[in-house]
Amino acid sequence: MTTLFITHAACLDHDTGLGHPESAARLVAIEERLAVTHLLDYLSYQQASPASDEALLRVHSAHHLARVAEPMPPEGHRHLDPDTRVSDGSEAAARLAAGAVIDAVDAVVDGRASTAFCSVRPPGHHANATAASGFCLYNNIAAGAYQALSKPGIERVAIIDFDVHHGNGTEDIVLDHPGILFCSTLQHPFYPNTPLRPITERMVSVPLKAGDRGDAFRAAVSEYWLPALDAHRPDLLLISAGFDGHQDDDMGGLGLVDADYAWVTRQLRDMADRHCQGRMVSSLEGGYELKSLARSVEQHVRVLARLEGI
C-alpha cells in the first residue's frame with residue numbers, strides 16, 4: 001500500500017519575515033531533496049485541504065480561532081507571541097497544515113494508504129487550546145489525533161514527539177484523554193521552559209541534556225517509549241517529527257545525526273506493525289538548518305515508505 005506525501009503550495013505563503021528561522025525555504029528544501037533522491041517517484045502526492053472550524057474546535061477555543069484570523073495591520077505582520085509572527089497568508093496556511101494531518105488520518109484509517117508524511121507549515125506542537133506559541137498557530141497533530149478518535153474502530157492513539165523542544169501544547173491538549181498516549185524526548189532545561197510532568201502510563205516525556213547524542217536518545221526511546229507503546233496498544237501512531245535535535249541545527253543543543261532519525265522511525269514502524277496494522281501519520285514540526293533537515297526527512301520518509309533499499 002502507498003505512502004502519502006501531503007503538502008500545499010499555500011503553506012509557503014505563511015510569511016514570517018526576513019531572517020525568521022521558520023521560513024518557507026524549509027518545505028522547498030525537503031521537496032527538492034525527495035525529488036533529487038527519487039523518493040517522490042514512489043510516494044503518492046496529495047494536496048492538503050483546509051481544516052474546518054469543527055475539526056479545530058475539538059482542540060482549540062473559538063477565541064483562539066478568531067485571534068489567529070484577525071486582519072493584519074498596515075505593515076503586513078503581527079505577533080501572536082514574541083516568536084510567532086504572522087502575515088496575510090498565515091491563517092490559511094495553518095488551516096492547511098492541520099487539514100493535512102486530518103486528511104492523512106482519514107486516508108490511513110480508511111485504508112487508502114498505509115502511512116503518510118505531511119510536509120506543512122506552520123508547525124503545531126507548541127500551540128495549546130487557547131493560544132499560539134513558538135512558531136505554532138494550530139496544533140496539527142492534536143487535531144489529527146481527535147479526528148482519528150472520531151472514526152469507527154479507533155479507540156487508542158499514540159503521539160510521538162522527537163522535536164528538540166517540549167511539545168507542551170500537545171501535552172496540555174491531550175492530557176486528560178484516556179485514549180491518547182503522548183511520548184516525547186526534549187532537551188531540558190530549554191525552550192519553552194515548561195515544567196516536566198511525572199512519567200505516567202499516558203504521559204512519557206523524557207528529558208535529554210544539552211550535548212546528548214544518539215546513544216542517549218536511543219536509550220530514552222528503548223527504555224521509556226517502547227514499553228509504554230506496547231502497554232497502550234494504539235490503533236494508530238502519530239508522529240510530531242521535529243528534526244532540530246540534529247547536531248548541525250543551532251536551534252537546539254543535541255547531537256543527533258541523520259541515522260538517528262532513520263533508527264527511531266524503524267522502531268516506531270515496528271511498533272505500528274505490531275499494534276496498528278502498520279498505520280502511521282507523521283507531520284513536520286521543527287528543523288531549521290536546511291541541509292540537515294532535508295536529509296533527515298529523507299531518512300524518515302524512506303523508512304515510513306519501506307524504501308530503505310532504493
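Between Ala219 and Arg266, the contour length at 0.36 nm per residue exceeds the alpha carbon distance by 15.5 nm. Since only Leu40, Ile173, His275 are under comparison, the one whose Cα sits farthest along the positive direction of the charge dipole of the chain, derived from C-beta charges on Lys, Arg, Asp and Glu, is His275.
Averaging 1/r across all pairs of distinct Cα atoms in the chain and inverting the result yields a Kirkwood radius of 18.8 Å. Taken along the Cα-to-beta-carbon direction at a fixed 7 Å, the label points for Ile199 and Ser52 span 4.0 nm. Pick from His125, His166, His177 the residue whose mean-square fluctuation is largest in a GNM of the chain, springs joining Cα atoms under 10 Å. Result: His177 has the largest fluctuation of those listed.
Within the range 240-279, what residues put their amide N at less than 18 Å from the label point 7 Å along the Cα-to-Cβ vector of His177? Zone members listed by number: 240-241, 276, 279. Helices in the chain that qualify as membrane-span-like (whole DSSP H runs, Cα extent of at least 15 Å along the helix axis, mean Kyte-Doolittle hydropathy of -0.5 or higher) are 25-36, 90-109, 290-304.
Once C-alpha pairs closer than 8 Å and six or more residues apart are averaged by separation and normalised to the residue number of the range 3-304, the relative contact order reads 20 percent.
Annotation for the range 27-82 versus the range 191-260: alpha-carbon center distance of 24 Å.
Here the label points at Arg67 and Leu226, each 7 Å from Cα along the C-beta direction, are separated by 4.1 nm in the simple model.
Ignoring GluC sites (Glu not before Pro) that are buried or in helix or strand per DSSP, and keeping those with at most 15 other beta carbon atoms within 10 Å, what is the longest stretch of the chain between them?
My reading of the result: 202-307 is the longest stretch.
Between Val105, Val164, Val86, the residue with the greatest mean-square fluctuation in the GNM of the chain (Cα pairs under 10 Å linked by springs) is Val86. When the chain is treated as a GNM, springs tying every alpha-carbon pair under 10 Å, which of Thr37, Thr130, Thr170 comes out with the largest mean-square fluctuation? Of Thr37, Thr130, Thr170, the Gaussian network model singles out Thr37 as fluctuating most.
Any read-out appearing in this document is the output of simple, stated calculations on the displayed coordinates, not a laboratory observation. No experiment lies behind these values; they were computed from the predicted model shown. No Cβ is skipped: glycine too gets one built from the backbone with ideal geometry, and neighbour counts run over all protein chains shown.
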